[in-house]
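Beneath this line is the structure, given in structure tokens, with notes to follow.
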Amino acid sequence: MSQNQLHAIVRGRVQGVNFRWYTRERAVELGLTGWVRNLWDHRSVELVAQGRTESLHELVRFLHRGPPSARVDEVEVDWQQASGEFDRFEVRFL
């Protein structure tokens, strides 16, 4: 089973609309580990997710849509080798 790591920054109206919570829910459904957090600019969310490549691609599709009240303007994606350091997917706070 192919494992990868995704680092992404999502920009738009993604803070104050439960974006992190919906992202965590979707990641858990997909069996991914990692974290998601708001950034200081008040318009971006950052995340790192690890797991099956197919599941990561599904998460990227979700990131482009976001939850119903979000407006996603841009998703910056960087693919990396999985480090295996996470045992769950969590919401982090700055």
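Every number in this text was worked out from the coordinates using simple rules, so none of it is lab data. On a predicted model such as this, the values are computed, not experimentally measured, just so you know. Please note: Cβ atoms are built from the backbone with ideal geometry, for glycine as well, and neighbour counts cover all protein chains shown.
Summary table
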| quantity | calculated |
| --- | --- |
| Total formal charge among the other residues, if their Cβ is under 14 angstrom from that of Leu56, Lys/Arg +1 and Asp/Glu -1 | -1 |
| The range 3-81: proportion of alpha-carbon pairs further apart than 18 angstrom, % | 29 |
| 12 Å beta-carbon shell around Ser44, net charge (K/R +1, D/E -1) | 0 |
| Distance between the range 42-82 and the range 17-40 - C-alpha centres, whole angstrom | 9 |
| Added length on full extension, which subtracts the Cα-Cα distance from 0.36 nm per residue, Trp79 to Leu39 | 12.4 nm |
| Formal net charge of residues neighbouring Gln15 (Cβ-Cβ distance under 13 Å; K, R +1; D, E -1) | +3 |
| Nearest 10 degrees, 0 to 90: helix 53-65 Cα axis against the chain principal axis | 0 |
